[in-house]
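The values are calculated or read from the model by the stated rules, or taken from the named source; none is laboratory data. Everything numeric here is computed off the predicted structure, so don't read it as measured data. Neighbour counts are summed over all protein chains in view; Cβ atoms, including those assigned to glycine, are modelled from backbone coordinates with ideal geometry. The protein model used for the area step is the full one, side chains on, heavy atoms only, and it has no ligands, DNA or RNA in it. Shrake-Rupley method; radii C 1.70, N 1.55, O 1.52, S 1.80 Å.
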Amino acid sequence: MTQRADALVLFGVTGDLAFKQIFPALQRLARAGALDMPVVGVARSAWTDAELRAHARESLAAHGGVDEAALARLAPRLRYVEGDYQDPATFARIGAALAPAMHPLHYLAIPPSLFATVVEGLVAAGCANGASVVVEKPFGHDLASAQALNAMLHRYFPETAIFRIDHYLGKEPVENLLYFRFANAFVEPIWNRDHIASVQITMAEAFGIEGRGRFYDEVGAIRDVVQNHLLQVAALLAMEAPIQRSPETARDERNRLFRAMRPLTARDVVRGQFAGYRDEPGVAAGSQMETFAALRLMIDTWRWEGVPFYIRAGKKLPVTSTEVVVDLKRPPLTVFDPVNAGSGNRFRFRLSPDVFISLQARVKAPGERMVGDDVELIARRQSPDQMTPYEKLIGDALEGDASLFASSDSIEAAWRVVDPVLAGMPPPGVYAPGTWGPRDAARVVAEPDGWHNPTLDGGTP
Ligand code: NDP
C-alpha cells in the first residue's frame, strides 16, 4: 500500500472517458464520503470552474442521474486548470492549484501518446514528489512499447505508486471468480487437471466498432480485450490462493500465474473480420485487422498441465455477453446413459450482461428408464447498489491499494503471451455479422462439444 491521496488531478477532464465513467464514479465516491479532497481537472478547453461543474452535472444526468446531495459535496471540490500538456506553464498552474497537497493522485485519462509528456511535465514542476499516477488503457501496443512505458514510469514513480487500469479487475462478478474459488471448500479439490477438462472464456459483442474505426483499426480484438481483460479473467480462474489477507498477496499470485502462461503460436489462434468492416469510416481499405479472435492458451503449472483455456472475443456476434464455462471431466464409465449422451458437468460464470453462477449436471429423467437429462442449477444475484468498476478502482487508487490494478510484471507477461501473434499472421477469415465468427474458429477447440455459445435467456449453452 502507498499513502492515501490528498488530491486528485484529472488529466483529460473534458474528454469522453471522464464524461461517461469518471464523473459518475466521483459522484458515487462523494455519496459514500470517500472523496474528501480537492479534484483538479486539466485540459486545453477554455473552461472556468463553473463550466467544469456544469459539465459534471451534464455527465451525471446522462449516466445514471444527478444525486443532488452527493453533487453538493463534489462540486465545490472541482477546480479547472486550462492548458496544453506540452506547455510547462500548465504544470506550474497545477502545482499552484494543488498546494498544500503532499500526495496527489494524477489520473492520466488522456491519449496514450501523451503519457510521457504529462509525466515529465509533472516531474519538472515538482508535482510528482510523493505522488502516484493512474494510467488508462491501452498500456502499450506490444511488448516493446509496454516495456518502454514501464521504464519511463519507473524512472519517476515506484511500482507501488503506479495504478494501471484494467476496469475488468474492478467488476464485481470478476472479483467473485476469485472469491468463489477460495471461499468454498468443495471447489479446490476439483479445480485442477485431474477434474477439469478445459475452460472457455467468451466475450461476445453484438455491436460493431461504432464509429471508432480509426482507433480500432490500429488495435483489433487481441490488443483491445484479450491481452488485458480476458487474460486477467484467465489468471483469476487459474491462480493459486493468496497466502494472506493482504491485498498484495493476491496480486503476487496473479503475477506468478501470468508468468506461467505459454506464449501463443500461430497454430493456437484463429482471427476473423466481420463482412463490411473495411467499409467502416476510418478503417483502411485492405485492412487485415481482426474483429474476432479465438485462441487456445496453455498454462505451464502443475495444476493446469494439459488443460486448454479457450478464449474468444468478437464484434458483431449473435449476442452481447461475457461468460466463463469450466468443463469438468466426464465420469470414467457411462453406466446409465447411452455412450456420449448429454453434455457433461460444468460450471458457468456469467459476467455480463447479467450475473450468475451455475452448475450443470445430469439427473435421472422421470420415468421407468435409468436415463438422464442435463439440468442447470443457477444462482443469480442482482444488486442495483453494487459498485461500478470505476468507482471501485478510483476509490482504491485514492486509498493507495493497488491490488486490483495490473502490475508491470503482469502487463509485460500478458504482452509476451500475445506478442508472437500480433504480426505476420494469415489474413483473418471473413464472417457474416450475427454469426459466431469464421468457420475456422471451431478448429481451436478440441472438445467434443466445441464452443459453448452464451445465450441470453440464461439457458443451457
Ligand atoms: P478524448 O479524446 O475524449 O479526451 C482526451 C482528453 O485529453 C481531453 O480532455 C482533451 O482536452 C485532453 N487533451 C488531449 N490533448 C491535450 C493536450 N495536448 N493538452 C491538454 N489536454 C489535452 O479521450 P478519451 O476520454 O476517450 O480517452 C482517454 C483515455 O482513456 C485514453 O487512454 C483511452 O484509451 C482511455 N479509455 C477511454 C475509454 C472511453 O470509453 N472513452 C474506454 C477505456 C479507456 P481538450 O478536449 O479540452 O483539448
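Details
- The test for being away from the ligand (no atom under 16 Å from the Cβ), among the basic types (Lys, Arg), open to solvent by 30 Å² or more (accessible area, probe 1.4 Å) and within 26 Å of residue 346 (Cβ to Cβ) holds for residue 193.
- Within region 120-138, the set of residues being among the polar types (S, T, N, Q) and surrounded by fewer than 20 Cβ atoms within 10 Å (Cβ to Cβ) comprises just one member, 129.
- Looking only at region 237-266, and only at residues there that are outside any helix (DSSP H, G or I) and among the polar types (S, T, N, Q), the one that is surrounded by the most Cβ atoms within 10 Å (Cβ to Cβ): 246
- Residue in region 120-135 that is nearest to the ligand (Cβ to nearest atom), counting only those that are among the small types (Gly, Ala, Ser) and not in a loop (DSSP other than H, G, I, E, B): 121
- So residue 215, is it part of a helix (DSSP H, G or I), among the aromatic types (Phe, Trp, Tyr) and open to solvent by 40 Å² or more (accessible area, probe 1.4 Å): yes
- Residue that is nearest to residue 398 (Cα to Cα) [pool: residues in region 21-49 that are open to solvent by 10 Å² or more (accessible area, probe 1.4 Å), touching a Phe, Trp or Tyr at 6+ places or on another chain (Cβ under 9 Å) and not hydroxyl-bearing (Ser, Thr, Tyr)]: 28
- Within region 82-96, the residues that satisfy the criterion of being more than 10 Å from the ligand (Cβ to nearest atom) and buried (at least 19 other Cβ atoms within 10 Å of the Cβ) are 91, 94.
- Pair list, Cβ under 8 Å, 6 or more apart: region 90-111 residue free of Cβ contacts under 8 Å to residues at least 12 places away in the same chain and under 18 Å from residue 156 (Cα atoms), other residue within 12 Å of the ligand (Cβ to nearest atom) and assigned to a strand (DSSP E or B): none
- Some residue of region 105-119 being open to solvent by 60 Å² or more (accessible area, probe 1.4 Å), within 12 Å of the ligand (Cβ to nearest atom) and of a type in the set (Gly, Ala, Ser): yes
- Every listed requirement among (1) modelled with pLDDT under 95; (2) surrounded by 19 or more Cβ atoms within 10 Å (Cβ to Cβ) is met by residue 348 save one, (1).
Okay, residues lined up against (1) more than 17 Å from the chain's Cα centre (by Cα); (2) at pLDDT below 95:
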{"position": "212", "(1), (2)": "yes, yes"}
{"position": "215", "(1), (2)": "yes, yes"}
{"position": "226", "(1), (2)": "no, no"}
{"position": "238", "(1), (2)": "no, no"}
{"position": "258", "(1), (2)": "no, no"}
{"position": "264", "(1), (2)": "yes, no"}
{"position": "269", "(1), (2)": "yes, no"}
{"position": "280", "(1), (2)": "yes, no"}
{"position": "293", "(1), (2)": "no, no"}
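- Residue that is farthest from residue 142 (Cα to Cα), among those in region 368-426 that are part of a loop (DSSP other than H, G, I, E, B) and of a type in the set (Gly, Ala, Ser): 383
- Among the candidates 363, 339, 335, the residue that is under 26 Å from residue 456 (Cβ atoms), more than 27 Å from the chain's Cα centre (by Cα) and open to solvent by 30 Å² or more (accessible area, probe 1.4 Å) is uniquely 363.
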